[in-house]
1. Could you list, ordered by first residue, the pairs with Cβ atoms under 6 Å in which the first is in the stretch 269-280 and among the β-branched types (Val, Ile, Thr) and the second is open to solvent by 10 Å² or more (accessible area, probe 1.4 Å) and part of a loop (DSSP other than H, G, I, E, B), at least 6 apart or interchain?
2. Looking at (1) open to solvent by 20 Å² or more (accessible area, probe 1.4 Å); (2) over 17 Å from GLY86 (Cα atoms), which is the only condition ALA148 fails?
3. Using beta carbons and a limit of 9 Å, which pairs, at least six apart or on different chains, have the first residue in the stretch 154-177 and over 23 Å from GLN67 (Cβ atoms) and without any contact (Cβ under 8 Å) to a residue 12 or more places away in the chain and the second one surrounded by fewer than 18 Cβ atoms within 10 Å (Cβ to Cβ) and charged (D, E, K, R)?
4. Collect the residues in the stretch 198-210 that are surrounded by 14 or more Cβ atoms within 10 Å (Cβ to Cβ) and assigned to a helix (DSSP H, G or I), keeping them in residue-number order.
5. Exactly one of (1) in a helix (DSSP H, G or I); (2) out of contact with any Ser or Thr (no Cβ under 9 Å at 6 or more places or on another chain); (3) modelled with pLDDT under 50 is unmet by GLU73. Its number?
6. For the structure I just gave you, tell me whether SER143 is on the phi < 0 side of the Ramachandran plot, modelled with pLDDT under 95 and open to solvent by 60 Å² or more (accessible area, probe 1.4 Å).
7. Any residue at all in the stretch 138-152 that's assigned to a helix (DSSP H, G or I), within 11 Å of the chain's Cα centre (by Cα) and either farther than 21 Å from ARG237 by Cβ or hydrophobic (A, V, I, L, M, F, W, C) (or both)?
Amino acid sequence: MADARLRASCLCGSSRTAFGKNRMVSAPFQRDEVRVKIHASFALLAIASALTAADPVEPLNFNLYMQGKYVYERNCIVCHGPRGDGNGEMSPTLSPKPRSFREGMFKFRTTPHGMLPTDDDLRRTITRGLSGTAMGMFSHLSSEEVDAVITYVKSFSRRWRKAENHSPAVSLPPPPAWFKKPVDIKVHAQSGQKLFATNCAACHGEKADGKGPAAMALKDIWGLPAAPSDLRLPHPRCGDSPADIFRVLATGLNGTPMVSFDKVLTEEQRWDIIAHLMSIRLPSGPVLGASPPTSQ
C-alpha cells in the first residue's frame, strides 16, 4: 500500500501531498488544476467579451429571449424547425419551403437590398402572414409575444450581431394622387406595360403570369427553384396595395433573383408599372366565411 502511494506521489511530481499524508493529490497537481480553472475562467470571460463586442447593435434581453423561445416552440417550430433552418416537421409537405432563419436573409423588408429587416418588418410578416404560403396570420399573439419571438428568431443568425448588416428603413413615397382617378390610371398603365415588357417580362412573362423565358432557370441562395410570382394574383405575397408592390421594387427580395430597381427605374416609372399590374389583376375569389351578397 505504501509503495502504491509512493508511486502515485512520484507520478504527480512530488512525494508531498496537498491535503495530508492520507490523500493522494500532490501539491503541484493541485496548483496545475487551479491554473486550468483560472485559464478556463479567463477564456469564458474572453468569449463573453467577444460576443458583446460582436453584438453592438442590440444587447440580448434574456427574459424576452426565453419568452420568445416559448412562443416559437408553440407556433413556429412545426414549419421552421427547432434549429430555425426551415426543416420543421411539416416542411416536406409545404411549397414554398418555410424560410430558414440561419442565413439572416429576409425577403419582405423596408430596408435596402441585402440588409436585415427592421423589427416592424418582421412584425408585419408575423401578424399579416404571406398570401399563397403556409405562413398564416398570427394575429392572436399579443404585442409582447410578437416582440419576444422576434428576439428569438434573431438568435438563429450571426448576421444580426454585425452593425454593417443593419440599416434604417428607406423612405417610401405614398402612391401618387392619380391612383384615385381611373382615367389617369389607364394612361399610366399603358406606359407601365411598356416598362414592364422591358424590365420584368424576362422573368415574370409578358402576361405577368410568372412564365418568362428565364423563369425555369432561376434559383434562390438555398439552391431551390425561385419561381417568379404570378403578378396577376389578387393577393400578392408582399401585400395587396400599390405601396406594398412599390416596396418590393424599391428594396428587392433578399436571397432571390428579384433585385432592387431603385437605381434602374425612377419613382414615376415604378408607379406606372404598378398601375399596369393593378389593371390586369385577377378578381378576388370568395372569402371563406364571408356573407353572400344580398339581392337588390
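1. Hits for this filter: ILE280/ARG232.
2. (1)
3. Going by the 9 Å Cβ cut-off, the qualifying pairs are ALA177/ASP184.
4. Residues satisfying the conditions are ASN199, ALA201, ALA202, CYS203, HIS204.
5. Only one criterion is unmet by GLU73, namely (3).
6. Considered against the rule, which asks whether it is on the phi < 0 side of the Ramachandran plot, modelled with pLDDT under 95 and open to solvent by 60 Å² or more (accessible area, probe 1.4 Å), SER143 comes out as no.
7. yes
The rows are residues; the columns are (1) within 26 Å of PRO283 (Cβ to Cβ); (2) within 18 Å of the chain's Cα centre (by Cα).
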{"residue": "PHE196", "(1), (2)": "yes, no"}
{"residue": "ALA202", "(1), (2)": "no, no"}
{"residue": "ASP209", "(1), (2)": "yes, no"}
{"residue": "ALA217", "(1), (2)": "no, no"}
{"residue": "ILE221", "(1), (2)": "no, yes"}
{"residue": "PRO225", "(1), (2)": "no, no"}
{"residue": "PRO236", "(1), (2)": "yes, no"}
{"residue": "GLY239", "(1), (2)": "yes, yes"}
{"residue": "ILE245", "(1), (2)": "yes, no"}
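The values are calculated or read from the model by the stated rules, or taken from the named source; none is laboratory data. On a predicted model such as this, the values are computed, not experimentally measured, just so you know. Reconstructed Cβ throughout: ideal geometry from the backbone, glycine too, with neighbour counts over all protein chains shown. Keep in mind that these areas ignore ligands, DNA and RNA; they rest on the heavy atoms of the full protein, side chains included. Shrake-Rupley method; radii C 1.70, N 1.55, O 1.52, S 1.80 Å.
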